[in-house]
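Below is one structure, written out as structure tokens, with a few remarks after it.
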Amino acid sequence: MKTNKSFTKRLRVTRKGKIVSRVPGHNHFNAKRSGAERRRKGRADSIVMTSDLRSRFLPN
């Protein structure tokens, strides 16, 4: 099965093997948010994947 390249580009694997990505939908309409909320939106979030999904979405 082919790797889903568009999804793969949104992920990165840490040194310890965790899969990290940004939460979608946090780039626009931030002017009225507080500074703390804007900083919190910039953080990456960890994703838990089964081995089936990992083989489907990530290259070897």
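Here are a few things to note about the model shown:
- Scanning region 2-16 for residues that are in contact with a helix residue (DSSP H, G or I) (Cβ under 6 Å, 6 or more places away or on another chain) and either surrounded by fewer than 12 Cβ atoms within 10 Å (Cβ to Cβ) or assigned to a loop (DSSP other than H, G, I, E, B) (or both) turns up just one, N4.
- Restricting attention to region 1-41, the residues being touching a residue at least 40 places away in the same chain (Cβ under 8 Å) and not aliphatic (A, V, I, L, M) number 4.
- Of all residues in region 17-47 being surrounded by 10 or more Cβ atoms within 10 Å (Cβ to Cβ), in a loop (DSSP other than H, G, I, E, B) and over 17 Å from the mean Cα position of the chain (by Cα), the one that is modelled with the lowest pLDDT: N30
The values are calculated or read from the model by the stated rules, or taken from the named source; none is laboratory data. Not measured: the values here are computed from a predicted model. Note that each Cβ is placed from the backbone with ideal geometry, even for glycine, and that neighbours are counted across all protein chains shown.
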